[in-house]
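Colleague: One structure follows; several queries about it will come next.
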Amino acid sequence: MAAVDLALVLAVDCSSSVDAGDFRLQMDGIAAALRNPPLFEAIAAGSRRRIALTLVQWSSLNSQAVAIAWRVLTSRLELEAIAQETEAVERQWRPGGTGLAAAVDFSVALLEALPIAAGRRVIDVSGDGEDNEGGDAARARDGALALGVTINGLPIISGSRELEAYYRERVIGGPGSFIMPAANILSFRDAMARKLLREVREVGQWIS
């Protein structure tokens, strides 16, 4: 299969702190970001004109699930199809805490198993809390970085400066890594649109 400019894991927090309404806002926000017209333009501007994307839901230490398997996206029709699928995704989770480090490890394993060469491999992790399941987010991040994986973050801070600092210091890393905080769950949609577009647009800067 042809190589892609970017292999991207969208890893979305579905833990107990995220209620059913918040979950739907996250899925609708991702769908809107995928439909954002400049996103297709950014993909088409890449050297290979295609990206690979998968959607992961994560919650507690032992609860991670692939909600949408890897898709190679090259056209507006493919972006619309995955946007519709995202809107229809059902929540997969177990009651418990926030297993952020386990989510990173799970996402790294998906990237390692992807049978497609990628110019850049990125995990886009969003969440509303620190790891409280005994995991070490910094350790998970460092393991990802050692394999050439970049991690970007979309913390839903809801007024918490501590969470934004946590993501900066213990979650993100790698060439071009950044965070795109959402002030609250209602801001998730706009933050995700900006974040996804930036991730695709910056691909060319990091392809070797």
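Colleague: Out of all the residues in region 68-94, which are farther than 20 Å from Val18 by Cβ and not in a helix (DSSP H, G or I)?
Modeller: Ala69, Trp70, Arg71, Val72, Leu73, Thr74, Ser75
Colleague: Go through region 135-151 and give me each residue that's under 19 Å from Val12 (Cα atoms) and either without any contact (Cβ under 8 Å) to a residue 24 or more places away in the chain or in a helix (DSSP H, G or I) (or both). Steps first, answer last, please.
Modeller: Quick first cut of region 135-151, residues under 19 Å from Val12 (Cα atoms) only: 135-138, 140-141, 144, 149-151.
Hits for region 135-151 are Ala137, Ala138, Ala140, Arg141, Ala144.
Colleague: Continuing with this model, one more query. Considering each residue of region 33-87, count those that are of a type in the set (D, E, K, R) and touching a strand residue (DSSP E or B) at 6+ places or on another chain (Cβ under 9 Å), and give that number.
Modeller: Residues flagged as of a type in the set (D, E, K, R) and touching a strand residue (DSSP E or B) at 6+ places or on another chain (Cβ under 9 Å) within region 33-87 amount to 6.
Colleague: Another one. Considering only residues that are polar (S, T, N, Q) and over 24 Å from Val200 (Cβ atoms), look in region 10-29 and name the one that is modelled with the highest pLDDT.
Modeller: Here the answer is Ser15.
Colleague: What residue, among those in region 82-125 that are of a type in the set (Ser, Thr, Tyr) and at pLDDT 95 or above, is nearest to Leu8 (Cα to Cα)?
Modeller: Kept after step one, since they are of a type in the set (Ser, Thr, Tyr), are these residues of region 82-125: 86, 98, 107.
Restricting the remaining residues to those that are at pLDDT 95 or above gives 86, 107.
On the way: Thr86: 15, Ser107: 9 Å.
Of everything passing the filter in region 82-125, Ser107 is nearest to Leu8 (Cα to Cα).
Colleague: Also, I was wondering about something else. Just to be sure before I move on: is Val108 of a type outside the set (Phe, Trp, Tyr), surrounded by fewer than 21 Cβ atoms within 10 Å (Cβ to Cβ) and under 21 Å from Asn152 (Cα atoms) in the structure I sent?
Modeller: no
Colleague: Could you check Leu197 against (1) more than 25 Å from Ala45 (Cα to Cα); (2) of a type outside the set (D, E, K, R); (3) out of contact with any strand residue (DSSP E or B) (no Cβ under 9 Å at 6 or more places or on another chain); (4) in contact (Cβ under 8 Å) with a residue 60 or more places away in the chain and say which number it fails?
Modeller: Evaluating Leu197 over (1) more than 25 Å from Ala45 (Cα to Cα); (2) of a type outside the set (D, E, K, R); (3) out of contact with any strand residue (DSSP E or B) (no Cβ under 9 Å at 6 or more places or on another chain); (4) in contact (Cβ under 8 Å) with a residue 60 or more places away in the chain leaves (1) as the failure.
Colleague: Which residues, counting only those in region 1-21, are in contact with a helix residue (DSSP H, G or I) (Cβ under 7 Å, 6 or more places away or on another chain) and either over 28 Å from Ala144 (Cα atoms) or part of a loop (DSSP other than H, G, I, E, B) (or both)?
Modeller: Scanning region 1-21 gives a single hit, Cys14.
Colleague: Out of the residues in region 152-166 meeting the condition of being over 17 Å from the mean Cα position of the chain (by Cα) and in a loop (DSSP other than H, G, I, E, B), tell me which one is modelled with the lowest pLDDT.
Modeller: Gly159
Colleague: Starting from region 121-134, keep only residues that are farther than 23 Å from Leu147 by Cβ, then list their pairs with residues that are assigned to a strand (DSSP E or B) and not hydroxyl-bearing (Ser, Thr, Tyr) whose Cβ atoms are within a distance under 7 Å, requiring at least 6 positions of separation or different chains.
Modeller: Close Cβ pairs satisfying both conditions: Asp128/Asp13; Asp128/Ile156.
Colleague: Within region 93-104, track down each residue that is surrounded by fewer than 16 Cβ atoms within 10 Å (Cβ to Cβ) and either under 16 Å from the mean Cα position of the chain (by Cα) or farther than 19 Å from Ile156 by Cβ (or both). Give the derivation first.
Modeller: The initial filter retains those residues of region 93-104 that are surrounded by fewer than 16 Cβ atoms within 10 Å (Cβ to Cβ), namely 94-96.
If the condition is that a residue be surrounded by fewer than 16 Cβ atoms within 10 Å (Cβ to Cβ) and either under 16 Å from the mean Cα position of the chain (by Cα) or farther than 19 Å from Ile156 by Cβ (or both), then Arg94, Pro95 are the ones that fit.
For every residue, the table says whether it meets (1) of a type outside the set (S, T, N, Q); (2) loosely packed, with under 15 Cβ neighbours inside 10 Å.
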residue	(1), (2)
Ser47	no, yes
Thr54	no, no
Ser60	no, no
Ala65	yes, no
Thr74	no, no
Ala81	yes, yes
Gln84	no, yes
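Colleague: Separate question: Could you check region 167-208 and list, in sequence order, the residues that are assigned to a helix (DSSP H, G or I), of a type in the set (Gly, Ala, Ser) and modelled with pLDDT under 90?
Modeller: Gly204
Colleague: Next question. Taking Ala109, is it free of Cβ contacts under 8 Å to residues at least 40 places away in the same chain, assigned to a helix (DSSP H, G or I) and within 18 Å of Val56 (Cβ to Cβ)?
Modeller: yes
The values are calculated or read from the model by the stated rules, or taken from the named source; none is laboratory data. On a predicted model such as this, the values are computed, not experimentally measured, just so you know. Backbone-built Cβ (ideal geometry, glycine too); neighbour counts: all protein chains shown.
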